[in-house]
Amino acid sequence: MPICIECRYPVKTLYTEYSKADDRSLGKGVRLTQCPRCKRFADKYVEHDFVVLFIDLVLIKPQVYRHLLFNRLGRDDDKFDRSIVRLGILLLLFDVYLTWARIEKLSLPLIAPHRSSHASPSNATAGSPSAVRAQEVATNAARLQAQPLILQYLFFLLLVTSSTLSFHMPIRLLCSINPDRAVPAGLPRKVWKTLIPHYPHPTPLSTALLVSSCTKLFPILLIIWDYDLPSSATAVSWAVIVNNVAALEILMDSGYLRAGVLVGVGAGLRSLVASFVLKSVGLGTGTGEWHSLIGVWRELEGWVGSVLWRP
C-alpha cells in the first residue's frame, strides 16, 4: 500500500487520472492525491523525471527515498523489481571497472613471492632499504598484466561479487533475527534491541542499499576529467556509506545509530573479504585509501584554519 512521502501515512492512491473532454489532443491528466493527515501531496515525485530523482537521491532527501522504496519499487510478494535487478547489474559491472582501475595503482606487498624468485644474488638482499624501496614503488599493474585480460576481468568480477554479497548478507541476517525469540533475556536482549533493528523483509533492505549506492556512478566523470583515482574512489565510497545509512534509517525508521551499526558491520566484513581475496593472489590491498583520505582531511583542515584565522 502506498504511503505519503511526507508523513508516512498510508493512502489508497497516489494520483487520479482524468480525461480532457474539451481537448483530446492533450490526452489524460493527472491529479495528485492530498494526504488526509498532513494536507500535502502524498507523492509529488509521481510527476518528476529520473534526473530530479537522482539529484534528490544525492542530496539524501527522505521524500525521494520513500517514493522509491515504498511507492515505486516496493512489492507485496517480497521480490525484486525488474528495475532494481537492472540497477544491481549496472552497479556491479561499473564497480568492476572502478575496482580494477583502483587496484592496479596500489602498491604491491613488501614481500612479494614472484619478485623474490627473480632476484639475482648480485642485487641487494630482500631486507635492505633499496629492495624495500623498489618493492614499494612497484604496483599491482605489473603482476596483473602478466595474466590474460579475460582472466583479469573474471577475477575482478569475482572480487566485486563476493564483496557485494558480504555487504548485503550480514545486514539481511541481523535484521531477520527476532530478539524476543533468538536472543536470551536480560542485558544481551536490551543491547541487541538498542543496536540492531528487527525488519523481517530482506528484499527491501537490499533494494534500499542498491538505490542508495547510485553515487558509485559518479566516477564515470573520470572519462571526461582526469582525477586522482584512489582519492576519488575513497571519497565516493564514504559518500555511498553515508547514503546507505540514510536509506536504511528511512526504510526502517530505526534511527541513525542502529542503521550505522548495520552498515558498519556490512562494510567491515566487505573489507575483510576483499583484503583476503587480494592477499590470496599476492596483490596489494586498499590501505592506500586511508593515506589519501588523511591527506584530503589535512588539506581541508589547513584550508579551514586559514579561513578562520585570516586577518
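Do the conditions hold for Leu32, that is, is it within 18 Å of Leu209 (Cβ to Cβ) and among the aliphatic types (A, V, I, L, M)?
Numbers: within 18 Å of Leu209 (Cβ to Cβ): no; among the aliphatic types (A, V, I, L, M): yes.
It is false that Leu32 is within 18 Å of Leu209 (Cβ to Cβ) and among the aliphatic types (A, V, I, L, M).
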Helices (runs of 4 or more DSSP H) contained in segment 226-311 and holding at least 3 residues at pLDDT 65 or above:
229-252, 256-280
Somewhere in segment 87-104, is a residue in the same structural domain as Met252 (by TED's automatic domain parsing) and among the polar types (S, T, N, Q)?
yes
Pairs only if they're at least six apart or on different chains, beta carbon under 9 angstrom, first in segment 65-87 and of a type in the set (S, T, N, Q), second assigned to a loop (DSSP other than H, G, I, E, B); list them, first residue then second.
Asn71/Pro2; Asn71/Ile5; Asn71/Leu14; Asn71/Ala42; Asn71/Asp43; Ser83/Leu73
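Which residues, taken from segment 142-186, are of a type in the set (D, E, K, R) and either assigned to a loop (DSSP other than H, G, I, E, B) or at pLDDT 85 or above (or both)? Step through it out loud before you land on a result.
Step one: list which residues in segment 142-186 are of a type in the set (D, E, K, R), which gives 143, 172, 180-181.
Hit for segment 142-186 is Arg172, nothing else.
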Restricting segment 34-51 to residues that are modelled with pLDDT under 90 and out of contact with any Leu (no Cβ under 9 Å at 6 or more places or on another chain), the one farthest from Ser237 (Cα to Cα) turns out to be His48
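The values are calculated or read from the model by the stated rules, or taken from the named source; none is laboratory data. Predicted model, so just to flag it, every value in this text is computed and none were measured. Neighbour counts are summed over all protein chains in view; Cβ atoms, including those assigned to glycine, are modelled from backbone coordinates with ideal geometry.
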